[in-house]
Amino acid sequence: MPGRGDDAGLDALGARVSAARDAVQARGETFYQGPSGVHLASFPPPERWDNWVELDSRAWPARKERRYLLVPTTCFNCESACGLLAYVDAGTGQVRKFEGNPEHPGSRGRNCAKGPATINQVTDPDRILYPLRRSGRRGSGKWERISWDEALDSLAARIRRAIAEARQNEIMVHIGRPGEDGFTERVLASWGVDGHNSHTNVCSSGGRTGYQFWMGADRPSPDHANAKVIYLISAHLESGHYFNPHAQRITQARENGAKVIVLDTRLSNTATHADYWLSPQPGSEAAINLAVAQHLIATRRYDREFVRSWWNWAEYLRACHPGRPVTFEAFEDVLSTLYSGFSFEYASAESGIDAGVLAEVAETVAGAGTRFSAHVWRSAAAGNLGGWQVARTLFLISALLGAVATEGGTFPNGLNKFVPRPIHTPPHPGVWQDLTWPLEYPLAQNEMSFLLPHFLAEGRGRLDTYFIRVYNPVWTNPDGLSWMEVLTDEAKVGCFVALTPTWNESAYFADYVLPMGHGPERHDTHSYEQYDGQWIGFRQPVLRAARERLGESITDSRQVNPGEVWEENEFWIELSWRIDPDGSLGIRQYHESRARPGEKLTVDEYYGWMFANSVPGLPERAAAGGLAPLQWMRRYGAFEICKGNGAAHDQPVPAAELDDVAITDTGRVYTAAPKPPCSNIVPTGAPEPDCAGRRPVGVDVDGTVRRGFPTPSGRLEFWSSTLAEWGWPEHALPGYIKSHVHPGNLEPGQLVLLSTFRLPTQIHTRSANAKWLDELAHTNPVWIHPRDARQLGIACTGDLVRVETEIGYFVARAWITEGIRPGVVACSHHMGRWRLPDQPRGAGGLMATVDLRRGDDGWTMERRAPVAPYASGDPDSQRIWWSDTGVHQNLTFPVHPDPVSGMHCWHQAVRVRPAEPADQHGDIAVDTARAREVYLQWLELTRPAGSRSPGGLRRPTWLMRPLKPARELFRVPAQTWPAP
Ligand code: SF4
């Protein structure tokens with residue numbers, strides 16, 4: 001079926017429709033044109049979104065027409081932020097279904113199964129509808145309904161007291177899926193609190209670190225659609241980062257003849273679509289990348305001019321080869337030997353992939369030229385000690401080919417993402433949170449979130465008020481029972497608040513559970529790098545937008561949401577207002593209306609100001625349609641700011657921006673000229689001014705000042721001065737770090753467990769409240785190769801196996817398959833959801849009831865009752881036909897913090913054997929004392945910041961930090977933990 005933009009296709013379709021109509025009429029019958037008069041169109045045209053008519057499928061065969069208002073919003077079921085279109089029934093005023101928004105530039109009308117399943121989450125009979133406060137001990141399952149006023153006043157009083165008593169570091173907001181760009185950080189900055197915590201170090205820090213040290217941007221933005229060769233270390237066609245927007249562009253490229261290379265130890269759905277599927281030994285991916293890179297170097301099939309112009313080779317030669325002349329030829333001489341050990345034979349021995357296949361892959365890559373797009377995000381970068389070098393070696397291939405910010409190449413994310421300025425910008429907080437940014441991890445890409453239980457247990461601090469939002473730390477993190485131990489200890493966590501639409505394993509242990517809206521019930525803005533362009537998307541409460549279109553005035557999302565479900569924006573504004581009711585703490589000013597001084601900011605004013613003042617081109621586009629910018633975004637849901645930005649690093653800096661210029665010996669150029677008004681495509685430059693206060697503006701390339709990259713040198717950093725100076729000189733170049741699960745580090749009989757892969761139809765824990773998705777995917781068997789199964793005495797698929805980790809074991813069913821390497825087992829994410837017997841039902845289709853006990857030897861979990869049909873407001877809950885909901889394997893994993901990136905290294909060295917006679921599916925045993933020992937072993941690997949750190953700093957100032965404290969807080973304090 002053609003898309004809206006496919007005029008030729010529409011003409012042909014129109015001709016076929018006309019012919020069909022003529023044939024029907026020739027028979028003397030009535031031709032049914034289609035309810036909206038648009039016969040077989042792919043998408044409802046926007047001009048009909050006020051009155052779209054469809055036949056009611058439930059009334060079939062009667063042709064009963066239903067009228068809809070179509071209202072855009074954004075899916076909140078993964079980080080891709082695809083556009084959705086809510087079909088709001090004009091008769092009932094309720095949402096009937098969600099489909100794709102054809103006006104969204106990233107997703108272009110397409111969604112995965114989780115997008116339309118948003119309707120299940122909205123109508124979920126188990127969702128939380130009212131604010132609750134616990135009325136028994138934590139986790140007892142006893143709750144009382146309270147008003148929003150009671151919750152707000154109580155929390156505001158606690159936070160106000162903590163701030164007044166200079167206990168800012170006792171306030172923390174822990175975010176799982178952010179789903180927005182900067183609102184929450186802005187709220188915390190307004191409180192003067194360094195309390196932002198994230199999930200990123202159990203997710204993507206490994207990948208981000210590798211990219212950050214190369215290009216100063218922590219994410220790749222591949223232009224897959226125009227690539228000739230696509231190289232994926234991920235399951236990108238089914239579940240990778242931004243997978244639907246990327247997958248459709250990869251598919252487009254394949255239609256044009258692109259070759260796809262997939263490194264994935266499992267036979268994923270992505271691997272099945274690859275031209276080359278490589279199933280490497282886990283942890284060997286960087287060795288494969290380096291063998292490909294070595295082939296490009298040895299055959300001199302790299303882009304010499306790009307490397308000469310844009311790599312910091314001169315800085316590298318000066319630092320590491322002081323006896324050599326600083327010439328490109330001398331560098332090439334060094335480069336020719338640097339990776340000579342990474343032959344195809346070596347990579348073959350490490351990875352288990354045939355050397356001939358690796359040679360063929362390297363030749364394919366060499367033929368791509370600048371049309372080589374590549375991506376790694378979680379996968380190997382998140383699995384292994386040193387996984388960040390997987391990303392760094394992958395980008396080495398791009399950088400050798402010159403496939404950086406080219407058509408069909410890979411861009412720094414900053415060029416393809418746009419974050420607008422908000423109406424108020426509070427200053428940087430005046431405190432530093434050691435619980436999230438400890439001295440041991442000065443280069444950590446993000447907060448050391450998953451070590452929080454250990455830090456609290458060893459007395460590094462306490463939390464007075466701890467919020468979780470779109471986050472389930474007990475379930476999501478490794479070592480979840482250590483989380484439970486601290487979250488149930490009121491001396492360590494004074495008040496635990498869960499902001500959530502649904503029950504989860506962590507919320508059960510909270511003091512307050514406050515119901516927040518799903519994607520179609522809240523406001524957010526977001527922009528993600530999904531192609532060579534920039535867009536901004538607008539999530540909105542769809543019933544509010546629908547009723548406003550009909551002339552009603554809505555001032556609070558609770559007026560349209562079910563029960564007393566609120567949205568976070570309004571909640572945070574209201575809470576901030578109550579923390580500082582008279583403005584004396586200096587907080588209130590950042591939540592006040594500009595238009596009506598002294599009054600509270602509304603979401604309409606917040607987003608209205610943003611769209612009118614800081615999104616280039618949007619006011620003009622809206623005016624052309626006779627709309628205000630906010631109205632335009634409420635109408636269409638997303639706006640494309642620009643596309644085809646090209647190589648911004650290569651742009652010359654205009655003379656007007658060059659004043660009192662200083663140039664370092666690495667070619668970094670600083671200027672005294674003020675910054676020009678914000679441009680949406682110019683890289684920011686390295687963030688730190690020079691000692692004279694000049695700002696970095698670009699880099700000298702053959703006598704011309706060009707924009708460059710936001711790294712310290714302004715160039716792509718083949719050699720990282722930051723890694724060298726901060727204690728890791730041996731890893732300053734792209735290289736290969738042998739993983740903690742390298743065969744040489746395994747004991748006899750141990751296998752490698754891959755535990756991180758997603759299923760295409762589930763996402764972490766919220767999708768459990770979507771019945772369609774639960775029916776599609778509800779269990780996580782352990783993938784075992786037939787050879788291993790034979791050796792281990794596992795006879796059949798479905799047999800129970802015990803998987804023993806460093807701190808315990810879990811019991812699951814075996815799936816014997818050749819879709820996994822021998823010596824490796826795999827178990828998917830998402831499953832094994834649970835609740836205790838007295839706790840409210842959280843997700844009837846996916847959460848089993850368990851008994852959890854703590855004894856002298858640690859914890860045990862046993863399944864008391866599987867999921868089963870139950871009575872609810874939704875008749876489908878009586879039709880649950882499955883009972884197997886998998887096992888919560890993460891509970892049995894200790895923490896493995898990478899000493900450089902801070903990423904939790906997810907792969908596990910395990911033993912697998914047939915289950916004991918008394919074992920039951922889902923059983924778990926965990927020794928949290930042993931978990932602490934493993935944490936201490938990994939802590940030993942770190943090289944902490946201290947008084948001898950460069951500049952006496954805790955952390956390089958140029959590295960990213962979601963919420964940056966004031967500059968002076970970066971200095972290592974005199975009294976620290978641990979003593980420097
Ligand atoms: S990929 Fe699927 S889950 Fe993710 S935002 Fe798009 S539709 Fe939603």
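The values are calculated or read from the model by the stated rules, or taken from the named source; none is laboratory data. All figures in this text were calculated on a predicted structure; none of them were measured in a lab. Counting neighbours? That spans all protein chains shown, and the Cβs are built from the backbone with ideal geometry, glycine included. All accessible areas refer to the heavy atoms of the entire protein, side chains included, with ligands and DNA or RNA removed. Shrake-Rupley method; radii C 1.70, N 1.55, O 1.52, S 1.80 Å.
Do the conditions hold for residue 50, that is, is it among the acidic types (Asp, Glu), away from the ligand (no atom under 16 Å from the Cβ) and in contact (Cβ under 8 Å) with a residue 60 or more places away in the chain? Here the answer is yes, as residue 50 does meet what is asked.
Report yes if some residue within segment 74-90 is outside any loop (DSSP other than H, G, I, E, B), within 30 Å of residue 587 (Cβ to Cβ) and within 13 Å of the ligand (Cβ to nearest atom); otherwise report no.
Filtering segment 74-90 down to residues outside any loop (DSSP other than H, G, I, E, B) leaves 74, 83-89.
Right, trim to within 30 Å of residue 587 (Cβ to Cβ) and you get 74.
Of the ones still in play, those that are also within 13 Å of the ligand (Cβ to nearest atom) are 74.
Among the residues of segment 74-90, at least one is outside any loop (DSSP other than H, G, I, E, B), within 30 Å of residue 587 (Cβ to Cβ) and within 13 Å of the ligand (Cβ to nearest atom), which makes the answer yes.
Out of the residues in segment 564-589 that are in contact with a strand residue (DSSP E or B) (Cβ under 7 Å, 6 or more places away or on another chain) and open to solvent by 10 Å² or more (accessible area, probe 1.4 Å), state the one that is nearest to residue 145 (Cα to Cα). Checked segment 564-589; the qualifying residue nearest to residue 145 (Cα to Cα) is 564. Within segment 609-628, which residues are open to solvent by 20 Å² or more (accessible area, probe 1.4 Å) and part of a helix (DSSP H, G or I)? Listed by number, the residues that qualify are 609, 612, 613, 619, 620, 621, 623, 624. Taking the condition open to solvent by 10 Å² or more (accessible area, probe 1.4 Å), away from the ligand (no atom under 13 Å from the Cβ) and in contact (Cβ under 8 Å) with a residue 12 or more places away in the chain, does residue 108 pass? No: the conditions fail for residue 108. What are the pairs with Cβ atoms under 6 angstrom where one residue, in segment 579-604, is of a type in the set (Phe, Trp, Tyr) and the other, located anywhere, is part of a helix (DSSP H, G or I)? Sequence gap at least six, or different chains. Sorted first by the residue in segment 579-604, then by its partner, the pairs are 590/190. Return the residues of segment 238-265 that are outside any helix (DSSP H, G or I), among the acidic types (Asp, Glu) and more than 12 Å from the ligand (Cβ to nearest atom); say none if nothing qualifies. The answer is 264, and nothing else. Summed over segment 825-847, the residues that are under 20 Å from residue 127 (Cβ atoms) and part of a loop (DSSP other than H, G, I, E, B) give a count of 13.
Quick one: would you say residue 552 is assigned to a loop (DSSP other than H, G, I, E, B), farther than 30 Å from residue 163 by Cα and at pLDDT 95 or above? Steps first, please.
Working: assigned to a loop (DSSP other than H, G, I, E, B): yes; farther than 30 Å from residue 163 by Cα: yes; at pLDDT 95 or above: yes.
Yes; evaluated as a whole, the condition is true for this residue.
Residues in segment 201-215 that are open to solvent by 10 Å² or more (accessible area, probe 1.4 Å) and not hydrophobic (A, V, I, L, M, F, W, C): 208 alone.
Taking the criterion of being under 23 Å from residue 500 (Cβ atoms) and either of a type in the set (Lys, Arg) or more than 13 Å from the ligand (Cβ to nearest atom) (or both), the residues of segment 91-105 that qualify are 94, 95.
Of all the listed residues (274, 235, 189), the sole one being away from the ligand (no atom under 16 Å from the Cβ) and either outside any helix (DSSP H, G or I) or surrounded by fewer than 23 Cβ atoms within 10 Å (Cβ to Cβ) (or both) is 274. Of the residues making up segment 433-461, just one is within 27 Å of residue 588 (Cα to Cα) and open to solvent by 10 Å² or more (accessible area, probe 1.4 Å), namely 434. Being away from the ligand (no atom under 16 Å from the Cβ), more than 19 Å from residue 773 (Cα to Cα) and either part of a loop (DSSP other than H, G, I, E, B) or open to solvent by less than 10 Å² (accessible area, probe 1.4 Å) (or both) is the requirement here; does residue 161 meet it? So residue 161 does not fit the description; no. Among the candidates 346, 316, the residue that is surrounded by fewer than 23 Cβ atoms within 10 Å (Cβ to Cβ) and over 26 Å from residue 223 (Cα atoms) is uniquely 346. Sub-6 Å Cβ pairs linking a first residue in segment 251-263 that is touching a residue at least 12 places away in the same chain (Cβ under 8 Å) and within 22 Å of residue 819 (Cβ to Cβ) to a second residue that is surrounded by 19 or more Cβ atoms within 10 Å (Cβ to Cβ) and of a type in the set (Asp, Glu), at least 6 apart or interchain, are 263/285, ordered by first then second residue. For segment 282-289, the condition holds for no residue, the condition being that it is in contact with a Phe, Trp or Tyr (Cβ under 8 Å, 6 or more places away or on another chain) and free of Cβ contacts under 8 Å to residues at least 60 places away in the same chain.
Restricting attention to segment 282-299, does a residue exist that is open to solvent by 60 Å² or more (accessible area, probe 1.4 Å) and charged (D, E, K, R)?
In the first step, residues of segment 282-299 are kept if they are open to solvent by 60 Å² or more (accessible area, probe 1.4 Å); the result is 298.
Okay, now just the ones that are also charged (D, E, K, R), so none.
No, there is no match, as no residue in segment 282-299 is open to solvent by 60 Å² or more (accessible area, probe 1.4 Å) and charged (D, E, K, R).
Residue 925 - would you say it is within 22 Å of residue 482 (Cα to Cα), in contact with a Pro (Cβ under 9 Å, 6 or more places away or on another chain) and open to solvent by less than 60 Å² (accessible area, probe 1.4 Å)? So residue 925 fails the test. Only one entry of 867, 850 meets the criterion of being of a type in the set (Val, Ile, Thr), part of a loop (DSSP other than H, G, I, E, B) and at pLDDT 95 or above, and that entry is 867. Inside segment 757-812, can you point out the residues that are polar (S, T, N, Q), surrounded by fewer than 19 Cβ atoms within 10 Å (Cβ to Cβ) and not in a helix (DSSP H, G or I)? Within segment 757-812, 797 is the sole residue that qualifies.
Just one of the numbered conditions (1) in contact (Cβ under 8 Å) with a residue 40 or more places away in the chain; (2) out of contact with any Leu (no Cβ under 6 Å at 6 or more places or on another chain); (3) away from the ligand (no atom under 13 Å from the Cβ); (4) over 30 Å from residue 45 (Cβ atoms) is not true of residue 172: (2). Within segment 40-79, the set of residues being among the acidic types (Asp, Glu) and open to solvent by less than 50 Å² (accessible area, probe 1.4 Å) comprises 54, 56, 79.
Looking only at residues in segment 352-403 that are open to solvent by 10 Å² or more (accessible area, probe 1.4 Å) and at pLDDT below 95, the one that is nearest to residue 200 (Cα to Cα) is 378. Can residue 527 be described as closer than 30 Å to residue 104 by Cβ, out of contact with any His (no Cβ under 8 Å at 6 or more places or on another chain) and of a type in the set (Gly, Ala, Ser)? When the stated conditions are applied, residue 527 passes them.
Somewhere in segment 491-509, is a residue open to solvent by 30 Å² or more (accessible area, probe 1.4 Å) and more than 20 Å from residue 152 (Cα to Cα)?
First pass over segment 491-509, keeping only residues open to solvent by 30 Å² or more (accessible area, probe 1.4 Å): 491-492.
If we keep only those that are more than 20 Å from residue 152 (Cα to Cα) too, we end up with 491-492.
Within segment 491-509, one or more residues are open to solvent by 30 Å² or more (accessible area, probe 1.4 Å) and more than 20 Å from residue 152 (Cα to Cα).
Just to verify a result, which residue in segment 111-131, among those that are in contact with a His (Cβ under 9 Å, 6 or more places away or on another chain) and within 14 Å of residue 873 (Cα to Cα), is nearest to the ligand (Cβ to nearest atom)? Filtering segment 111-131 for residues that are in contact with a His (Cβ under 9 Å, 6 or more places away or on another chain) and within 14 Å of residue 873 (Cα to Cα), the one nearest to the ligand (Cβ to nearest atom) comes out as 121.
Please count how many residues of segment 838-852 are touching a Ser or Thr at 6+ places or on another chain (Cβ under 9 Å), touching a residue at least 60 places away in the same chain (Cβ under 8 Å) and surrounded by fewer than 21 Cβ atoms within 10 Å (Cβ to Cβ).
Residues in segment 838-852 being touching a Ser or Thr at 6+ places or on another chain (Cβ under 9 Å), touching a residue at least 60 places away in the same chain (Cβ under 8 Å) and surrounded by fewer than 21 Cβ atoms within 10 Å (Cβ to Cβ): 3 in total.
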